[in-house]
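The values are calculated or read from the model by the stated rules, or taken from the named source; none is laboratory data. Quick caveat, the model's predicted, so the values are computed rather than measured. For neighbour counting, all protein chains shown are included, and Cβ atoms are generated from backbone atoms with ideal geometry for every residue, glycine included.
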Amino acid sequence: MTDKLTFLKTVKPFNLLPEEVLRGVADLLQEVRYTKDTALYHQEVTKMKGVDLIAAGEYESFFYDSEQNKRVVEQHHSGYCYGGISVLLNRKRSLRSVIAQKGTLVYFLPRRDFRQLCQGYENFFHHFTAEFGRRMLNDEFAHFVKKPTAFEDNFISSDQLYSRKIESLVYRELVVCHAGTPVYEAARMMAEKKVSCLFVQDAQGQIIGYLTDITIRDNVVASQVSVQEPVHGVMDNPIVSINKQAFVYEAILLMFHTKTRYLLVEDNGQYVGFLSRNKLLSEQAQSPFVFIQSVKLAQSVQELRRKWEKVPEIVYQLLDRGVKPEIVNQVITTVSDTITTKVIEGVIDEMGTPPAKFAFMVLGSEGRKEQTLNTDQDNAIIYEDKANEQRELVREYFLRFAEQVSERLDMIGFSFCKGGFMAKNPKWTHSLSHWKRNYSSWMKEPDPETVMKFSTFFDCRYIYGEASIIDELREYLDQELQEPLGRFLYHMAKNALQYVPPLTFFKNIKTFTKGGQEVFDIKKTMTPIVDLVRVYALKNRIFKTNTGERLEALRAMGEFTDADYHELMHSYYYLMSLRLKKQAVQIIHDKAEPDNFIDVRGLTKIEQVTLKEIFKTIANFQASIKLKFTNSLQG
């Protein structure tokens, strides 16, 4: 037993466990010996009964390709643990094929005991998810993990991902301490309770922050803060929570957007537990969210470009499995946001700390979280106002910063905006006070050009920097929108009437010839819905950016009936699904640049009938907005 215990202390990640735990693990280990060229596991076939800790000898692991050639061959020696990733992240099936060499001695740990260690010690569990993320940076490794012949089985583990709710998961009970608790006492509490996250309460019992192993490392040890100091001085925040009735995919997306590793679970205004990112990702190991995690680990612009090139396949498979297009939009947006954030962080690392607080925001379809595969850059920068002597220095920094960010995004696949709505354009990188003047002038002097600018920038969404800057701009805009705005809303409504649904007098789909095909522009067909919903959002001072979210808020306010809401939601996302799938096919199968033209002759009769009904719905709503906003202005 002593030999096994000594050995365990050399094996990652077992060396992270307390000694008393290792003693118990040593008792559970079973010795197994293998002769030369023993075939142990076959990729995606053999069910793992546990994990193997190599004590002596050698494992050879690899993937078989379609010709039964060995690919991505690796040798593993004493001190290596095989099977953890397979058990946790591959439905208990061996991820790779494995052959043991002569004289190999293995200590076998049963699957049940291994899982208990993962549940009890998050840093132990995180070793395997992090290793998998690193391995996925190798394109050849990732190619075989994804198994192109059965692509959907990898990126979509099961339909439950999109229907399963938080309440169905086993979330951990909250362990809390008071804000005045000394750091050493909090650390002792974490050790006793076997948790890696301790939540901090104020005097009123409200949770105001949290403490993790990483918090102690970064905010206490690395900063040489005394362990006698109270935790409120070193804790992390903000607190991020989600209702237990939310879907699992919403929780994962929220974690990626907020960059938090822990979510509080809320029920009827009370926190009833918490979830870790590792827990959620292990639950959905084969989902698109593991791919998003691999994007976060990318180290270069070239890697980020390769990641973006894989998105069309994910989109196609999600839609092919019947996943709602609004969810697919969120997946695209999350990947795009993650890439943009990685680029921004890389530029800041090279240029140095910005000379002022700032917010990097995305606009248009990206701002609305309705990005497609035919996308360009739409972004801007707002920075805090500085004293006169610093203004030029600050402006010079952010213009250089914007130039580099835009150049790198273009290299990745987000082409420059033809209309120039980019931060690299000096017009759209300015101080907060300048941006306030922009919005004010656009509203007071509306014409077709200023209305277009306002529409683009009203759909802005913060993705990096100081959220408080965007909040202040929105508060200012909220005040401005309370002024009489008849003329401004009139021009906004006219903008929503600019594109008419492509229906002929006889209610057939109106097309034009392009490259020998009879097509209509689906982007222009969707635009009236975006525009008319935006007008209603402005009228009611709703600052959500997503069209679907705006519709939900408008229904809640009584601006739209349930029937109106469902008709518009169905119409918009049916068109979105058609548009995304067409673009994915163009990229994957045709190796062509995606566009927005739909060939009517390639549609089924049912699809054509559905489109006609949708076009009628859009026309009816346009008539309504014309009556409400344009005629009312004229008396």
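The single condition from (1) surrounded by fewer than 17 Cβ atoms within 10 Å (Cβ to Cβ); (2) within 21 Å of Val451 (Cα to Cα) that Glu518 fails is (2). Which one is nearest to Pro448 (Cα to Cα), of the residues in the stretch 488-500 that are buried (at least 21 other Cβ atoms within 10 Å of the Cβ) and in contact (Cβ under 8 Å) with a residue 60 or more places away in the chain? If we take residues in the stretch 488-500 being buried (at least 21 other Cβ atoms within 10 Å of the Cβ) and in contact (Cβ under 8 Å) with a residue 60 or more places away in the chain, then Met492 is nearest to Pro448 (Cα to Cα). When restricted to residues that are outside any helix (DSSP H, G or I) and either touching a strand residue (DSSP E or B) at 6+ places or on another chain (Cβ under 9 Å) or over 20 Å from Thr513 (Cβ atoms) (or both), the stretch 579-593 contains 2.
Might you let me know whether the stretch 561-575 holds any residue that is part of a loop (DSSP other than H, G, I, E, B) and surrounded by fewer than 18 Cβ atoms within 10 Å (Cβ to Cβ)? There is at least one residue in the stretch 561-575 that is part of a loop (DSSP other than H, G, I, E, B) and surrounded by fewer than 18 Cβ atoms within 10 Å (Cβ to Cβ). Among the residues of the stretch 284-291, is there at least one that is under 20 Å from Arg134 (Cβ atoms), surrounded by fewer than 19 Cβ atoms within 10 Å (Cβ to Cβ), of a type outside the set (D, E, K, R) and at pLDDT 85 or above? For the stretch 284-291, residues under 20 Å from Arg134 (Cβ atoms), surrounded by fewer than 19 Cβ atoms within 10 Å (Cβ to Cβ), of a type outside the set (D, E, K, R) and at pLDDT 85 or above: absent.
Of the residues Glu552, Glu559, the single one that is among the acidic types (Asp, Glu), more than 28 Å from the chain's Cα centre (by Cα) and at pLDDT 90 or above is Glu559.
Among residues of the stretch 35-49 that are touching a residue at least 60 places away in the same chain (Cβ under 8 Å) and surrounded by 14 or more Cβ atoms within 10 Å (Cβ to Cβ), none has a beta-carbon under 7 Å from a residue that is part of a loop (DSSP other than H, G, I, E, B) and of a type in the set (Phe, Trp, Tyr) at least six positions away or on a different chain.
Just to verify a result, which residue in the stretch 194-225, among those that are of a type in the set (Ser, Thr, Tyr) and surrounded by 11 or more Cβ atoms within 10 Å (Cβ to Cβ), is nearest to Val21 (Cα to Cα)? So that I can check it myself, show each step before the final result.
If we filter the stretch 194-225 for residues that are of a type in the set (Ser, Thr, Tyr), which is where we start, we get 196, 210, 212, 215, 223.
Still in the running and surrounded by 11 or more Cβ atoms within 10 Å (Cβ to Cβ): 196, 210, 212, 215.
On the way: Ser196: 16, Tyr210: 26, Thr212: 21, Thr215: 24 Å.
Checking each candidate, the answer is Ser196.
Close contacts from the stretch 568-593, counting a first residue that is without any contact (Cβ under 8 Å) to a residue 12 or more places away in the chain and a second that is among the polar types (S, T, N, Q), with Cβ to Cβ under 7 Å and a gap of 6+ residues or different chains, come to Ala592/Gln586. Of all the listed residues (Phe421, Phe398), the sole one being in contact with a Phe, Trp or Tyr (Cβ under 8 Å, 6 or more places away or on another chain), aromatic (Phe, Trp, Tyr) and assigned to a helix (DSSP H, G or I) is Phe398. For Leu554, the stated conditions do not hold, so it cannot be described as touching a helix residue (DSSP H, G or I) at 6+ places or on another chain (Cβ under 9 Å), among the hydrophobic types (A, V, I, L, M, F, W, C), over 23 Å from Asn495 (Cβ atoms) and surrounded by 14 or more Cβ atoms within 10 Å (Cβ to Cβ). Please verify whether Arg437 is part of a helix (DSSP H, G or I) and either closer than 28 Å to Lys523 by Cα or in contact with a Phe, Trp or Tyr (Cβ under 9 Å, 6 or more places away or on another chain) (or both), treating the condition exactly as stated. Answer is no for this residue.
Taking every residue in the stretch 115-139 that is in contact (Cβ under 8 Å) with a residue 60 or more places away in the chain and pairing it with any residue that is crowded, with 16+ Cβ neighbours inside 10 Å and among the polar types (S, T, N, Q), at least 6 positions away or on another chain, the pairs with Cβ-Cβ distances below 6 Å are Glu122/Ser196; Phe125/Asn278; His126/Asn278; Thr129/Asn278; Gly133/Gln293; Gly133/Ser294; Met136/Ser294. Does Asn237 satisfy the criteria of being within 20 Å of Arg172 (Cβ to Cβ), in contact (Cβ under 8 Å) with a residue 12 or more places away in the chain, surrounded by fewer than 17 Cβ atoms within 10 Å (Cβ to Cβ) and under 25 Å from the mean Cα position of the chain (by Cα)? In short, yes.
If the condition is being assigned to a helix (DSSP H, G or I) and either aliphatic (A, V, I, L, M) or in contact with a His (Cβ under 8 Å, 6 or more places away or on another chain) (or both), then the stretch 250-265 contributes Ala251, Ile252, Leu253, Leu254, Met255. The numbered conditions (1) under 22 Å from Thr338 (Cβ atoms); (2) aliphatic (A, V, I, L, M); (3) surrounded by fewer than 21 Cβ atoms within 10 Å (Cβ to Cβ); (4) touching a strand residue (DSSP E or B) at 6+ places or on another chain (Cβ under 9 Å) are all true for Leu263 except (3). Look through the stretch 501-548, keep the residues that are free of Cβ contacts under 8 Å to residues at least 40 places away in the same chain and among the polar types (S, T, N, Q), and return whichever of them is nearest to Arg474 (Cα to Cα). So, considering only residues that are free of Cβ contacts under 8 Å to residues at least 40 places away in the same chain and among the polar types (S, T, N, Q), the one nearest to Arg474 (Cα to Cα) is Asn540.
From the residues in the stretch 1-17 that are under 41 Å from the mean Cα position of the chain (by Cα) and of a type in the set (A, V, I, L, M), which one is nearest to Leu117 (Cα to Cα)?
Looking at residues that are under 41 Å from the mean Cα position of the chain (by Cα) and of a type in the set (A, V, I, L, M), I get Leu17.
When each of Lys369, Lys342, Lys310 is tested for being of a type in the set (Lys, Arg), within 21 Å of Val290 (Cα to Cα), surrounded by fewer than 20 Cβ atoms within 10 Å (Cβ to Cβ) and within 16 Å of the chain's Cα centre (by Cα), the lone residue that passes is Lys310. Have a look at Thr334, Thr340 and point out the one that is touching a Leu at 6+ places or on another chain (Cβ under 6 Å), in contact (Cβ under 8 Å) with a residue 40 or more places away in the chain and of a type in the set (Ser, Thr, Tyr). Criteria check complete, one pass: Thr334.
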